[in-house]
Every structure is written in C-alpha cells, then in structure tokens.
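Let me begin by presenting the structure, written as structure tokens, before commenting on it.
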Amino acid sequence: MILYLDASALVKEFVQERGSDEVVGIVARAAMIGTVLISRAEVAAALGKAVQMGVVEREEGLANLQAFREEWFDLVRLDITNELVARADEYAWQIGLRGYDAVHLAAASSWQDALGQRVTLVTFDKPLWEAAKQVGLIAYPPDLPGLLAAWKPGLYGRTSSPNSIPRIHE
C-alpha cells in the first residue's frame, strides 16, 4: 500500500490525539509513505501550537518535534514544482480547496500518476478527504465523516481523552 499523509495525519504519529490509532495502524501496513515538502513546516507548527496551547509540556513537544525530524528522512518527500503548483491552482479553483489542501491533493495525485499505482491519501480534513475521491485517490480513513461526527462534542471538539489535541494542525 502506498500512502500519502497530509499534515493532519502526520502529526498524529507524534502526538496522541483523535485519529492517532488509525494513522499508526495504516502506516504499519504501508510499503511506501510520502508527503509534500511543506508538510515539514506544517507539522512543526502544529507541534509548537500544542505546546503554546498547553496541551503538551514543552519537553514533550520538543521530543515529538525531534522524533518527527528524525522520521522525516524516511518519507518520500515530494517537491513543490511549478507543475505541481499549477495543478494545485486548478484544484483550488475547481474544487474550492484551501491553498495548502490543494497542494497536498496535487502532490498526492501527481505522485499517483508518476507511480502508475493507486495512492491512499490519509487526511483528517473533510474537504481534502472528499476531494481525494473526486480525483481518483483512495481516501482514508474510510468513514472520516463518521469519525468527525463522533469527535465533535465537547470544548474545542475534544473527546473525553485528556491527551486529545483540539485542531492544532489547521
């Protein structure tokens, strides 16, 4: 299985939050995992935000960031090219995606085209998840709308888990 992880999925490998179990499970079964270069900054920002919000202590946040930086080099890191940005431009306009979501979609779909094999886009962003299916990618988790509905109650969308991080990666 070939996986493309956006930042909302990548961060779940390093901070225990809603969806972490789903990400860890599918990553363990993957033959190849990729993401676009901008994910590095997005994940670092999300980990920093978790510290700023007091969800994790600074030391834990630094340890999570270091673990992410070490794993970064094990990922297939997709370059941001003029062609990729042009594709993202089309997706942003045609589908109505936010800028970075359009870049993630363009990267995953371009990678699928280059590989000639199906790519599974792992995301916890509903508009990106829906768009992935529109352009011929496999979207994961399979029932993201159901998961999001189950997680909705509570302050900042928190579940009863004290380790749950509210929307740090958006």
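Annotations for the structure displayed:
- When the Cα positions of Ala149, Ser110, Ala44 are compared along the charge dipole of the chain, Ala149 comes out farthest toward the positive end, with charges on each C-beta of Lys, Arg, Asp and Glu.
- Computed from phi, the 3J(HN,Hα) profile of the range 139-149 under the Karplus parametrisation 6.51, -1.76, 1.60 (θ = phi - 60°) reads 9, 9, x, x, 10, 4, x, x, 4, 4, 5 Hz, with x in place of Gly and Pro.
- Helix-only CD estimate at 222 nm, as mean residue ellipticity for the chain, using -39500 (n - 2.57) per DSSP H run (n ≥ 4): -16000 deg cm²/dmol
- Cβ-to-Cβ counts within 10 Å put Thr35, Thr120, Thr81 in ascending order as Thr81, Thr120, Thr35, the fewest first.
- Amide H partners (placed H, <5 Å) of Leu78, local residues excluded: Thr35, Val36, Leu37
- Set of lysines with alpha-carbon distance to Lys133 below 26 Å, sequence-local pairs under 8 removed: Lys12, Lys152
- A straight line joining the Cα centroids of the range 1-39 and the range 118-147 runs 13 Å.
- Counted over the chain, the DSSP beta bridges are approximately 0% antiparallel.
- At most 10 other Cβ within 10 Å, DSSP loop - trypsin sites (Lys or Arg not before Pro), the range 2-62: Arg29
- Sparse packing (at most 11 other Cβ atoms within 10 Å of the Cβ) combined with a DSSP loop state is found for the following trypsin sites (Lys or Arg not before Pro) in the range 59-147: Arg118.
- Candidate values (1) 1.01; (2) 1.10; (3) 0.95, label of the one derived for Rg/Rh (Cα atoms, Kirkwood Rh): (3)
Laboratory data are not the source of any read-out in this text; all were calculated from the coordinates shown. Computed from a predicted structure; not experimentally measured. Note that each Cβ is placed from the backbone with ideal geometry, even for glycine, and that neighbours are counted across all protein chains shown.
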